Amino acid sequence: VVLPASPAAVDPRPAVVALAELLLTSEEPVTVAAIGPLTNIALLLAVYPDAAARIGRLVVMGGSAARGGNVTGAAEFNVWADPEAAAVVFSSGLRTVMVGLDVTLPTVLTAEGIARFATAGPVGAQAAAVVAQYVDHARTAYGIDGVAVHDALALTEAIVPGTLRTVRRDVVVDTGHGAGRGQTLVDRRAPSDAVTAVEVAEGVDSEAAVEFLVSRLAAFGSGAGTSGGR
């Protein structure tokens, strides 16, 4: 997929510095959507704790409560890539939502949905081209006829809080070097009132979540969503 050159300039600041400065200068609480390994968030907690404390809400795409892993039998990729960082973040006491495989795998963008924004304009067409290459992989790896929208679901929860049904749980990350490395051990026996508990996503209206994604991409692709709104 060939993308047009971006008009934006590269920010010379390290990511952690940029994030700290944004948090410290913002007049409103900032929602941070972490859709990759949690290295930078853990570094923020260690180096700029005052800035980290100003995070209004941290929405993490990562982990799994009951579905096992996707990079190993136990571990989801983003947590597996840096389990030490994930362990720091999940035990930090930040207001955190864990959007794991339990809700992302059932949330599937089908060929019909892709077709709706593919013809909406250049942005929709580029998005459709990017997504299309994952369809065959998803069919082989997960047995689904479409693409599980892992990161997009986390971003939807960040934009529209309450998209997912969450339960406050204690979460421990396996940082050992055995077969369980990177596993998110979620205590599902009862909700937790501990300061370090995490809001674990356990339920999703997948149809509504996909419709939100498709409608936004279609609107943006046509130019209708390029200004104003959320």
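The values are calculated or read from the model by the stated rules, or taken from the named source; none is laboratory data. Computed from a prediction, not measured in an experiment: that's the story for all the values here. Counting neighbours? That spans all protein chains shown, and the Cβs are built from the backbone with ideal geometry, glycine included. These area figures cover heavy atoms from the full protein model, side chains too; ligands, DNA and RNA do not enter into them. Shrake-Rupley method; radii C 1.70, N 1.55, O 1.52, S 1.80 Å.
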Problem - Candidates 126, 133, filtered to the one that is at pLDDT below 95, of a type in the set (S, T, N, Q), more than 16 Å from residue 200 (Cβ to Cβ) and surrounded by 15 or more Cβ atoms within 10 Å (Cβ to Cβ) - result: 126
Fill in the blank from the handout: Within the range 46-68, the residues that are in a loop (DSSP other than H, G, I, E, B) and surrounded by 20 or more Cβ atoms within 10 Å (Cβ to Cβ) are 62, 63, 64, 65
Completion exercise
Checked against (1) surrounded by 12 or more Cβ atoms within 10 Å (Cβ to Cβ); (2) touching a residue at least 12 places away in the same chain (Cβ under 8 Å); (3) at negative phi, residue 18 satisfies every condition except (2)
Exercise for the section: Evaluate the range 69-83: report whether one residue or more is open to solvent by 40 Å² or more (accessible area, probe 1.4 Å), among the aromatic types (Phe, Trp, Tyr), at pLDDT 90 or above and not in a loop (DSSP other than H, G, I, E, B). Expected result: yes
Exercise for the section: Considering only the range 93-123, state which residues are open to solvent by 30 Å² or more (accessible area, probe 1.4 Å), assigned to a helix (DSSP H, G or I) and among the hydrophobic types (A, V, I, L, M, F, W, C). Expected result: 111, 115, 118, 123
Problem - Top-ranked residue of the range 176-193 - restricted to ones that are among the aliphatic types (A, V, I, L, M) and part of a loop (DSSP other than H, G, I, E, B), ranked as least open to solvent (accessible area, probe 1.4 Å) - result: 190
Practice task
Kindly check whether there is at least one residue in the range 173-196 that is in contact with an Asp or Glu (Cβ under 8 Å, 6 or more places away or on another chain) and closer than 27 Å to residue 130 by Cα.
Solution key: no
Exercise for the section: Might you check whether a residue that is open to solvent by 40 Å² or more (accessible area, probe 1.4 Å), within 27 Å of residue 217 (Cβ to Cβ) and in contact with a Pro (Cβ under 9 Å, 6 or more places away or on another chain) occurs anywhere in the range 21-35? Expected result: yes
Practice task
Output the residues belonging to the range 143-154 that are buried (at least 20 other Cβ atoms within 10 Å of the Cβ) and either over 16 Å from residue 71 (Cβ atoms) or among the aromatic types (Phe, Trp, Tyr) (or both).
Solution key: 146, 147, 149, 152, 153, 154
Practice task
Report whether or not residue 140 is surrounded by fewer than 16 Cβ atoms within 10 Å (Cβ to Cβ), more than 22 Å from the chain's Cα centre (by Cα) and within 26 Å of residue 63 (Cα to Cα).
Solution key: yes
